[in-house]
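The values are calculated or read from the model by the stated rules, or taken from the named source; none is laboratory data. Remember, it's a predicted structure, so these values are computed and weren't measured experimentally. No Cβ is skipped: glycine too gets one built from the backbone with ideal geometry, and neighbour counts run over all protein chains shown.
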Amino acid sequence: MKSGTLLVVITVILVVLVAIVVAIVLFKRNKSKKIAEEVSFLDREKNLIASTPVLDELSKVETIVKNDKMEEKYKRWQHRFEMIKDDQITKINDMLIELDLSVTTKNYKEYRVKVAQTELEIYKAKTAVDHLMSDIKEITVSEEKYRAIIIKLKAKYRELSNHFQTHKKDYEEVQAAIDLQFENIEKRFLEFEKAMENNEYTEVVHIVKALDNMIDHMTIVIQEVPDLILLSSQLIPKKLDEIERIYADMIDHGYPLNYLKIPYNVEESRKNVTGIIDRIKVLNLEGCMFELKTILGYLDSTFEDFEKEKVGRRVYENNAADFETKLKKVNHLVGDIYKQMDDIKKMYDLTDDDIQGINDVRSRLLAINTNYKEMTEKLNRKEVPYSKTAQELETVTNLLQQLEEDLDISLKSLGSMYDDELRAREQLDEIQVVLKQCKIRIRSYKLPIIMNEYFVELSEANEAILEIIKELEKKPIEIKVLNTRVDTARDLVLKLFHTTNEMIRTAQLAEMAIVYGNRYRSSYVEIHNGLSQAEVLFYKGNYKNSLEMSLHVLSFVEPDVENRFMEVARSREV
């Protein structure tokens, strides 16, 4: 048995060792394969750089060299390519040989460093070749590229020219300037053709850029000039004339418009429009449309201000008469109250708050009178416009309305003394009627025992009624105390009324539950015992517990007894 176990252990160890050896061999093979692929990739990258068709592109340049500048560029590009080929490519070849040597000697640490260095040199060489090709192609494809750009610019130019010729009357005084600008563009097109013919591609770049800017500017000119002329020569001058006419007419009719500064603003607007017209004539349109729209916005807002003043005057004149009528009425009423204040204090038990309320109303009324007087004086002196005066009038009108409401409250407080006394006597009669009903109802149902709670609440209600009677017999009557006594008595009697009804209702329900459960006494001992306990509680005056006990024992035979029992109780209007 032991020799068999030993044999198994030795076998497992051998299998593990073989697996480890196989793994190491596979790892080294994969590593060698990966290294070979890296070196092969770097070699391909080097070959791609060396095979870049720089010479083909340079041969194209050679055929179009017609001036010293071009010849100088051609020689410089040749030199750059030779530097890349002789220096950088040669250096990369040497580095690749060193990589092979590192792989052969299995110096993998050195190999990783040389791979990184070789990749960096290949990147530098590739970047240098790409830049060189880009510079050369800038020339070799210049004719095709710039011809395509010029074709588009000419199409745009013809479109602008045709539009201008068709709508020439819309451009008025700036026609000559536009014609001159079109001539300058045509000259630029001729310069382009001459430069292309002489292969002066350096000049071509500037000519094409200038043409693009000039045509962009002419696009703005052709699009905006008609609107600018319409605004500056017709629309805005007409509106300025109309504003001056309306302003003069409103001044004649007594409108205070000094705050608008119309004469100054109109004059400044005319000056600005004149300056804008001068700029339009030389096709300097920068900011013109914005400035004209700003002026137009000011003019429109001025028309709105005029209309606001007209509306403000109508509103003020319509509301001023009503306000003065109300103010006169309130002044008269408050004056009468103050004349009778001493008599009122003797007749009624006025509190400090009552007196303070009336004094506060009087102070606020004096402030309203002062504000209204100042407002009308400023308007008569034309210091403030009607629009602002109308708003101020609305404010003081609201203050007067609030004052009237507060005055009504104060007057109601003064006039409610007698009403409170009459109401207290009426409520006393009502309270006594409810108390009597409680006594009659408690006697009408022969309860075995009346709970102490009833007698306590009955005593409290009687005492509260006596307090009302005492207050009514006092002279002068303190209304606040009287109202408190009435509220207290009413609450206590209603509480007694609720207690009486609840006690009678609970007693009736408890009695009904016992009678309803008698049908089960002979069949269930538990129900018999429970109902007996309920009867004992009932005759002790504990009606609520009696009802709960009855329903509890009955629920053993009728789980829904409480709901059905309450339905029966409601059907009998208990």
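Could you say which residue among L411, L393, L428, L422 is modelled with pLDDT of 75 or more and under 30 Å from A320 (Cα atoms)?
L393
If you take the residues in segment 273-317 that are in contact with an Asp or Glu (Cβ under 7 Å, 6 or more places away or on another chain), in a helix (DSSP H, G or I) and of a type in the set (A, V, I, L, M, F, W, C), which one is surrounded by the fewest Cβ atoms within 10 Å (Cβ to Cβ)?
Only one residue fits best here, namely M289.
Among the helices (runs of 4 or more DSSP H) lying completely within segment 491-574, list those that include at least 1 residues that are within 60 Å of the chain's Cα centre (by Cα) and exposed (fewer than 13 other Cβ atoms within 10 Å of the Cβ).
Those helices (runs of 4 or more DSSP H) span 561-571.
Does any residue of segment 299-311 turn out to be within 30 Å of Q175 (Cα to Cα) and in contact (Cβ under 8 Å) with a residue 12 or more places away in the chain?
Yes, some residue in segment 299-311 is within 30 Å of Q175 (Cα to Cα) and in contact (Cβ under 8 Å) with a residue 12 or more places away in the chain.
I need every pair where a residue in segment 258-276 that is touching a residue at least 12 places away in the same chain (Cβ under 8 Å) has its Cβ under 9 Å from the Cβ of a residue that is part of a loop (DSSP other than H, G, I, E, B) and of a type in the set (D, E, K, R), sequence separation at least 6 or different chains.
Cβ pairs passing all conditions: N258/K382; N258/E383.
Return the residue satisfying two criteria in turn: it lies in segment 503-522 and is of a type outside the set (A, V, I, L, M) and free of Cβ contacts under 8 Å to residues at least 24 places away in the same chain, and of such residues it is farthest from S444 (Cα to Cα).
So, considering only residues that are of a type outside the set (A, V, I, L, M) and free of Cβ contacts under 8 Å to residues at least 24 places away in the same chain, the one farthest from S444 (Cα to Cα) is S522.
When you scan segment 183-225, how many residues do you find that are surrounded by 17 or more Cβ atoms within 10 Å (Cβ to Cβ) and under 22 Å from D278 (Cβ atoms)?
Qualifying residue count, segment 183-225: 5.
With respect to V456, determine if the residue is assigned to a helix (DSSP H, G or I) and within 60 Å of the chain's Cα centre (by Cα).
When the stated conditions are applied, V456 does not pass them.
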